[in-house]
1. Grab the beta carbon distance between His199 and Arg257, set R0 = 25 Å, and tell me the FRET efficiency rounded to 0.05.
2. To the nearest 10 square angstrom, how much accessible area does Glu72 have with a 1.4 angstrom probe?
3. Please compute one quarter of the surface area of the Cα convex hull for the range 151-195 and express it in square nanometres.
4. Ratio of the range 251-306's C-alpha Rg to 2.2 N^0.38 Å, to two decimals?
5. Expressed as a whole percentage, what fraction of the accessible surface of the chain belongs to carbon and sulfur atoms when a 1.4 Å probe is rolled over the protein heavy atoms?
6. Provide Rg and Dmax in Å for the range 366-451, with only Cα atoms included in the calculation.
7. Under 1.5 on a/c is rounded, so check that first for the range 141-273, then, if it is not, pick prolate when a/b is larger than b/c and oblate when it is not; a ≥ b ≥ c are the square roots of the alpha carbon gyration tensor eigenvalues.
8. At 1.4 Å probe size, what's the solvent-accessible area of Glu248? Round to the nearest 10 Å².
Amino acid sequence: QAVVRDMSERIQVETALRTSEALLRTIFDTSSVAIFSINHQGLIGFANRRMAEMFALPLERLVGASYGSLVEDSEQDQALANMRRHLDGDLAKVSLERRYRCGDGSTFWGHLTANRMPELEGGSPSLVCVVADITDRKQAEQALEERATRDRLTGAINRYHMEELINQDLLRLERYCHPISLIFFDLDHFKAINDTFGHAAGDTVLREVCALVRRCMRATDMLARWGGEEFLITMPSSGLGVACTLAERIRAAVAARPFPLVGQVTASFGVAECRMGESWESWLARADGALYAAKQAGRNRVVADRRNKPSGPPEAGNSSFLRLVWHCSYNSGHSDIDDRHSRLFDQANSLLDAIVGNRPKGEAVELIEAMLADLADHFAVEEQIFLAAGYEGAQRHIALHRDIGDKAAQLLADFRADRLNAGDIFAFVAHDVVDRHMLLEDQKAYSTFTG
């Protein structure tokens, strides 16, 4: 009888165990998140169906694949370093956000949690990982951030965000004597448009004018809505003459554009170049004063504030830009980085020479392609240097590289399709790559390897 009871209890335990295993298997296979293991070699051990769906790869290709191959290229080195530290017991439970790539070439944002399990696979350390697709959440966060920095009606940068960005431009002026100009404009008699045709018609005019202005601007110029029908354009690496040329181009384009609902629309413009040591408030006041003078003179015109015009190196002919000149203050202390930065200056100036000399478009395309290819290579090398040096901001810096690379690819495509000119590419390199990234963001990392 005792034997029978013992057998009965064993059967009950085995039945309960099978039921539990079946339940766990069901949960594993029907989970809304990817569940998988990584062995001590960094290879995928087991994986569930959701992982196959999430990564657009069949299970038989996932199992045995390198975990690093699933991580977006720019984050692979950091991901593999974290994985090795986790397997070696140097990291506690991991919880982080990372970009992954799928078998079809697409990417997604994933939230990874991982636990070290030494008892798996015959005692070899392994990781049990869960990845949840958080792409929708990240896109929603980015949309909220975009709405926080842009005017909803026109899509222009809002006043608050413009004041944040302008401080960076003033800093570059103080450090490197790179000129910057401001265009302040508003629409003439706009109140009469709202009163006569209604606010909906006025909103349509504002949207269409902003779209027109963007087509006239360079890629590096910034448009902000200052309030009502008032707008600002900041022009980095540009003196007063260049800014006046753009302002006149926009003025003529607005005046020539038909607005079927309201008739002709015109705008008045005030232009001012920032002086060395000048405050944002003083600079804006001078541009505002020039705008007021344009209104007093009859509207639909451009007036420049030429008082105490800053002195400095002349602008390069009609190219609308200064040449890039390497200065010892740009040195990082790392010879490889400095050599690549200096070569970028030379390539950008070669492009400028081709622009000024009206060389064939094919030649400009070759120069741009070579320059952007070298830029991508430089970014890859720089990332390895920053990661090896233990720079805390390396991941943020890598993300900035990705954004610059995406913008560069789009600009090249637009240039090939004749949607912009080679000068816009040079402005992008001078402003986005050199001024905003190399002379500000890169500088933050230099102390890591210079002590």
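1. Efficiency computed from Cβ-Cβ geometry: 0.80.
2. 30 Å²
3. Convex hull of Cα atoms, orientation-averaged projection: 4.3 nm².
4. Details: Rg = 13.8 Å, N = 56, 2.2 N^0.38 = 10.2 Å.
Compactness ratio reported: 1.36.
5. Details: 11440 of 22170 Å².
About 52 percent, which is the carbon plus sulfur part of the accessible surface.
6. My reading of the Cα-based Rg and Dmax gives 14.0, 47 Å.
7. Oblate.
8. About 80 Å², rounded to the nearest 10.
The values are calculated or read from the model by the stated rules, or taken from the named source; none is laboratory data. The shown structure was predicted, so the numbers you read here are calculated from the model rather than taken from an experiment. A quick note on method: Cβ atoms are made from the backbone with ideal geometry, for glycine too, and the neighbour counts reach across all protein chains shown. Heavy atoms of the whole protein, side chains included, go into the accessibility calculation; ligands, DNA and RNA do not. Shrake-Rupley method; radii C 1.70, N 1.55, O 1.52, S 1.80 Å.
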